[in-house]
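S.K.: Following this message is one structure expressed as structure tokens.
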Ligand code: ADP
Ligand code: MG
């Protein structure tokens with residue numbers, strides 16, 4: 001496992017309650033987690049256990065009701081360019097082409113046009129949209145739009161990537177390809193990644209550590225180390241060690257939800 005140097009994302013007893021009084025609903029309770037600089041942490045757990053809530057707090061899109069969340073040692077007070085967020089539902093500017101969508105964040109950063117174009121092209125090619133660089137989003141399938149959103153987030157190369165079930169709606173083959181591309185990108189830039197998924201295989205394949213959460217109230221249940229070397233590949237995916245960790249995560253997620261049902 002990669003040695004964890006400095007914590008990059010810190011959740012310190014973070015809580016989130018929606019509503020008030022009799023309607024109050026505890027979506028997240030005493031959530032404690034340090035994500036190391038350059039670490040990939042994946043988060044799994046039953047629907048409604050507070051995965052998105054935790055991530056949205058780190059993204060600065062939701063304010064915690066209690067506790068503290070810091071990124072790079074700074075208390076999160078809103079969204080920022082240090083954090084790139086990818087949601088399950090692609091969010092593209094419909095009036096901009098694929099290329100312009102991917103270049104958008106680079107333009108905001110003040111990057112020169114030639115450099116911008118080159119960088120955008122690299123990531124557009126990487127996600128397999130090279131032939132669609134000048135297409136508008138409405139001409140793309142759902143999966144292609146999502147790949148464009150991924151290229152856009154990677155291109156900006158933020159210190160932290162927050163990914164909320166980004167590959168969830170894609171077909172199995174595309175998903176595996178994007179997992180490998182994510183790991184390739186990460187191997188080069190060693191950004192810190194928090195990645196939510198409902199796919200146990202995906203959680204183990206990508207992660208240094210898998211966080212298993214439980215519902216009612218939403219909380220951290222278990223942290224599972226993934227002691228498998230990088231770079232990861234098909235051989236690792238099929239290894240007995242992988243299967244063993246996968247079974248451990250599966251048990252963590254599904255035994256508890258079966259108890260609760
Ligand atoms: P997950 O991503 O693990 O499926 P979420 O973090 O989206 O779960 O939600 C956790 C719980 O909080 C769910 O029960 C959800 O219904 C509730 N919740 C989320 N957002 C709101 C909101 N804005 N208002 C009220 N309840 C919410
Ligand atoms: Mg969610």
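The values are calculated or read from the model by the stated rules, or taken from the named source; none is laboratory data. Since the model is a prediction, treat every value here as computed from it, not as a measurement. Cβ placement follows ideal geometry from the backbone for every residue including glycine, while neighbour counts extend to all protein chains displayed.
S.K.: Which one is nearest to residue 128 (Cα to Cα) among residues in the stretch 165-177 that are surrounded by 17 or more Cβ atoms within 10 Å (Cβ to Cβ) and within 13 Å of ligand 2 (Cβ to nearest atom)?
M.R.: 166
S.K.: To continue, here is another question. Identify the residue in the stretch 132-164 that is at pLDDT 95 or above and within 16 Å of ligand 2 (Cβ to nearest atom) and, among all such residues, is farthest from residue 117 (Cα to Cα).
M.R.: Checking each candidate, the answer is 164.
S.K.: Does residue 129 satisfy the condition of being more than 30 Å from residue 8 (Cα to Cα) and crowded, with 17+ Cβ neighbours inside 10 Å?
M.R.: Yes; evaluated as a whole, the condition is true for this residue.
S.K.: Need pairs with beta-carbon distance below 9 Å; first residue outside the structural domain of residue 163 (by TED's automatic domain parsing) and within the stretch 195-223, second at pLDDT below 95; sequence gap 6+ or separate chains.
M.R.: Partner pairs satisfying both residue conditions: none exist.
S.K.: Oh, and also: I'm trying to understand the selection: among the residues of the stretch 197-223, which are more than 18 Å from residue 181 (Cβ to Cβ), under 13 Å from the mean Cα position of the chain (by Cα) and within 12 Å of ligand 1 (Cβ to nearest atom)?
M.R.: Result: 198, 211.
S.K.: Mind counting the residues in the stretch 21-44 that are within 30 Å of residue 188 (Cβ to Cβ) and within 16 Å of ligand 2 (Cβ to nearest atom)?
M.R.: Total satisfying the criteria: 4.
S.K.: If you scan the stretch 132-144, which residues turn out to be touching a residue at least 40 places away in the same chain (Cβ under 8 Å) and either in contact with a strand residue (DSSP E or B) (Cβ under 8 Å, 6 or more places away or on another chain) or surrounded by fewer than 17 Cβ atoms within 10 Å (Cβ to Cβ) (or both)?
M.R.: 136, 138, 142
S.K.: Tell me which of these residue 92 doesn't satisfy, since it passes every other one: (1) part of a loop (DSSP other than H, G, I, E, B); (2) without any contact (Cβ under 8 Å) to a residue 12 or more places away in the chain.
M.R.: Unmet condition: (2).
S.K.: Still on this structure, I have one more. Got a number for residues in the stretch 74-96 being more than 16 Å from ligand 2 (Cβ to nearest atom), under 16 Å from residue 158 (Cβ atoms) and surrounded by fewer than 19 Cβ atoms within 10 Å (Cβ to Cβ)?
M.R.: Total satisfying the criteria: 6.
S.K.: Of (1) in a helix (DSSP H, G or I); (2) over 26 Å from residue 11 (Cβ atoms); (3) in contact (Cβ under 8 Å) with a residue 40 or more places away in the chain, residue 244 satisfies all except one. Which?
M.R.: (3)
S.K.: Go through (1) touching a helix residue (DSSP H, G or I) at 6+ places or on another chain (Cβ under 7 Å); (2) farther than 23 Å from residue 109 by Cα; (3) outside any helix (DSSP H, G or I) one by one and return the number of the condition residue 168 breaks.
M.R.: If we test residue 168 against (1) touching a helix residue (DSSP H, G or I) at 6+ places or on another chain (Cβ under 7 Å); (2) farther than 23 Å from residue 109 by Cα; (3) outside any helix (DSSP H, G or I), just (1) comes out false.
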